[in-house]
Amino acid sequence: MELIQLLLIESALLGAAILIALIAPRLGSGVFGAFERRFAALARRKNLAVVFVGVTALMAGGAPRLFEGLPRPQQYDEFSYLLAADTFAHGRLTNPTHPMWQHFESFHINQRPTYMSMYPPGQGMTLAAGKMAGHPWFGVWISVAILCAAIVWMLQAWMPPGWALLGGLIAVMRIATYSYWIESYWGGAVAAIGGALVLGTLPRLLQHARVRDSIALGLGAAILANSRPFEGLGLVTPVVGALAVWLATRRLRLSALAPAAVVLSIGAAAMLYYNSRVTGNPLLMPYVANRTQYAVAQVFVFQEPLPAPEYRHKALRDFYQGWELNSFNLSRGWQNYETIVYEKIFKAWLFFIGPALTISLLPAWQVVRDRRTRPLVIIGFASAAIVSIAIYANPHYWAPYTALVYALMLQGLRHVRAWRLRGRPIGIPLVRALPLICLLMIGFRAAAGPLNLSLIMGIPAWCSRFTPDYRREDIIANLKRQGGQHLVIVRYAPDHVAHQDWVYNDADIDASTVAWAREMDAERNAELLRYFHDRRVWLLEPDRDWVNLKAYAP
C-alpha cells in the first residue's frame, strides 16, 4: 500500500463524513452524545486525563511492535544517536579517538578530537535510558508517550479540557502508532516535549506565577537547546518577546521567572561542560565541529558553500560534495526561498495534519481573530519566519512546534463544530467523524506490514523503513552466534549510493563483537589487519550481495 494510496483512502473517508453530515447530520447523535458526556467527565479531571493519554500512548505504541518487532536502525542519523546512547549508557560523555579511526569514519559522527555523535545529547540520553532498560527503542517509546501526555497538559492551559483531551488522543493515533517518530531512532518526541512545556507554561505563569510553572519553562527551554537548538531558538525567541511585553506591562513579575533562570543557568553550564569534553572547546558544539571537518554545503539560504575538505573515502565525498552540495545549490539563495517554503509546508501538512484534519484549517481567519489563542498565532508566525531561512527540513526538525500545531488545529475544529447549514448542525458530525477516521487509518497502516507493502515516498520523513534488504542487523546476529570477535571490511562498488551505508560502530570499538571498517589502500589495510590480528576478518560487498560475507583477502 503506497503512501499515496493511504492519502487517497483518508481523503475518501473525509468525503464520506462530509456527505453524511450534509444528508443525515443527526445520525448516531444519541450514541455520540452519551460517549461525549463520559469523555467530558474524564477531561474535567485534568491530571487523570494527562495520565490516561500517556498510558494509552504506551499501549498504542507498543502493540504494533509485538507483531512487527522493534525497529532496526538504517540511516546515518539513527546510528549517530545510537552511538551517543551507547556512550552515555556506559557512563561516558564521549570516547577517545581510535588508533584506526580513518577506517571508521562515517556520516554525522565525529572521530576527532573525540569519537562521538555530532548531535546534541537529548535524543542520545533518551535512547541511553531505553538501552539501560533493555533496548534503545524503549526510550523512543516512553518519550512518545510522555509527548502525548504533555500535549494534553499544554492544551489544558489554552482551551477547554474536553478539547485538550481530544488533542492528546489524536496525537496518540497520529504520532504514537505508525509515525516515523516511533518507528525509528531519528527523534522528534524529545524536542516536542520541550516545546509543549514552554508553551504550556505561558498562560499558567500569567494566572498563577507558580514556581513549578517557571521551572517547567526553564526545563522546556533546556530540552530544546539539547535536542533541536536552532528550531528551539525559533520558538523561544517570540516566547521571550511575549514575556518581555508582559513584564513591561506589569502583567507578570520578574521574580516569577527566577526559577526558570536558575534551571537555564544549570543547563547552560552542563552544555558548556559537554562541549568541552567532546570538542575540547566549551563554545564549540559537536555539530559545528563535524560540519567544519566534513561539510561543503551550509544550512541557511543566505550562505555560500565552504571549501571542500580532503576526503579519505569516496562514499563520504559522494555524500558531502555530491548529494548534499547539489541539494544545497538547488535551494540556497533568496531566489529559491519561495520554493523551499512550499516544500516545508507540504511536509509539515503531510506529517502533522493530513487530509482528514485539513478541515481544521478552513476557519483559519477565525482562529487568527480569537483573543484566547492569538498569542499562539503570533508565536507561530514569528517562529515560522525564523526557521524558514534554514534549507533542510523534515518533520522532526519542527518537533518543538508540535503542541502549537495541535493547539491551532483544535481551535480550528472548535469553529468547525459550530458550522450550520440552513439551520442544520453539520459541524458536529464532522468533528465527531475525525477521530474515527484517524482510528480507521491505523488499521489501514497496520495492513501494510503483513502484506509487505511499501510506504516509501522518496524522502525518509514519512516512511517507516527505507531499504527493505538492509541486513546489517542480521549479519551482526549471525556473527555473534559464531562466537569470538569479528571485523567486517566493507568494499563499495563505484556506483554505490552513499545513503545506504554500513560502517557504524559501538562506542567501544575494541570491545565490540563486530567492528565495521572501510577498505582503504593496501598499506592502511595491512595496519588495520595487524591491529585486529585476533579477530576473524570478513569482506562485505553490499552492492553485489546484501547478505553473504566471505573471508577477506587483501
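Any residue at all in the range 114-126 that is aromatic (Phe, Trp, Tyr) and free of Cβ contacts under 8 Å to residues at least 24 places away in the same chain? Explain how you work it out, then say what you get.
The initial filter retains those residues of the range 114-126 that are aromatic (Phe, Trp, Tyr), namely 115, 119.
Imposing the further condition that a residue be free of Cβ contacts under 8 Å to residues at least 24 places away in the same chain reduces the set to none.
No, the range 114-126 contains no residue that is aromatic (Phe, Trp, Tyr) and free of Cβ contacts under 8 Å to residues at least 24 places away in the same chain.
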Please give the number of the condition residue 115 fails out of (1) crowded, with 21+ Cβ neighbours inside 10 Å; (2) touching a His at 6+ places or on another chain (Cβ under 8 Å); (3) over 20 Å from residue 313 (Cβ atoms).
(3)
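Sort through 432, 414, 422, 372 and tell me the only one that's surrounded by fewer than 18 Cβ atoms within 10 Å (Cβ to Cβ) and under 28 Å from residue 12 (Cα atoms). So that I can check it myself, show each step before the final result.
On the way: 432 fails: surrounded by fewer than 18 Cβ atoms within 10 Å (Cβ to Cβ); 414 fails: surrounded by fewer than 18 Cβ atoms within 10 Å (Cβ to Cβ); 372 fails: under 28 Å from residue 12 (Cα atoms).
One residue alone meets the criteria, 422.
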Unmet requirement for residue 31, which otherwise passes all of (1) in contact with a Phe, Trp or Tyr (Cβ under 7 Å, 6 or more places away or on another chain); (2) modelled with pLDDT under 95:
(1)
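For residues that are over 18 Å from residue 407 (Cα atoms) and assigned to a loop (DSSP other than H, G, I, E, B), scanning just the range 378-395, find the one that is modelled with the lowest pLDDT.
393
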Does residue 157 satisfy the condition of being in the same structural domain as residue 414 (by TED's automatic domain parsing), at pLDDT 95 or above and surrounded by 24 or more Cβ atoms within 10 Å (Cβ to Cβ)?
no
Given the structure, is residue 323 assigned to a helix (DSSP H, G or I) and farther than 30 Å from residue 419 by Cβ?
yes
Examine the range 458-481 for a residue that is on the phi > 0 side of the Ramachandran plot and modelled with pLDDT under 95, and state whether such a residue exists.
yes
Is there a residue being assigned by TED's automatic domain parsing to the domain that holds residue 231, touching a helix residue (DSSP H, G or I) at 6+ places or on another chain (Cβ under 9 Å) and without any contact (Cβ under 8 Å) to a residue 12 or more places away in the chain anywhere in the range 134-147?
yes
Per the list (1) surrounded by fewer than 24 Cβ atoms within 10 Å (Cβ to Cβ); (2) in a helix (DSSP H, G or I); (3) of a type in the set (A, V, I, L, M); (4) in contact (Cβ under 8 Å) with a residue 24 or more places away in the chain, residue check on residue 129 breaks on (4)
For the range 9-23, how many residues meet the condition of being more than 15 Å from residue 358 (Cα to Cα) and either loosely packed, with under 13 Cβ neighbours inside 10 Å or in contact with an Asp or Glu (Cβ under 8 Å, 6 or more places away or on another chain) (or both)?
2
Criterion: surrounded by 13 or more Cβ atoms within 10 Å (Cβ to Cβ), assigned by TED's automatic domain parsing to the domain that holds residue 157, in contact (Cβ under 8 Å) with a residue 60 or more places away in the chain and over 28 Å from residue 284 (Cβ atoms) - qualifying residue of 256, 216, 242, 225:
242
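Residues checked against (1) under 13 Å from residue 507 (Cα atoms); (2) of a type in the set (Val, Ile, Thr); (3) in contact with a His (Cβ under 9 Å, 6 or more places away or on another chain); (4) modelled with pLDDT under 95:
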{"residue": "67", "(1), (2), (3), (4)": "no, no, no, yes"}
{"residue": "72", "(1), (2), (3), (4)": "no, no, no, yes"}
{"residue": "80", "(1), (2), (3), (4)": "yes, no, yes, no"}
{"residue": "86", "(1), (2), (3), (4)": "yes, no, no, no"}
{"residue": "95", "(1), (2), (3), (4)": "yes, no, no, no"}
{"residue": "99", "(1), (2), (3), (4)": "no, no, no, no"}
{"residue": "125", "(1), (2), (3), (4)": "no, no, no, no"}
{"residue": "129", "(1), (2), (3), (4)": "no, no, no, no"}
{"residue": "153", "(1), (2), (3), (4)": "no, no, no, no"}
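The values are calculated or read from the model by the stated rules, or taken from the named source; none is laboratory data. Note that this is a predicted model, so its numbers are computed, not measured. Note that we place each Cβ from the backbone using ideal geometry, even for glycine, and neighbour counts take in every protein chain shown.
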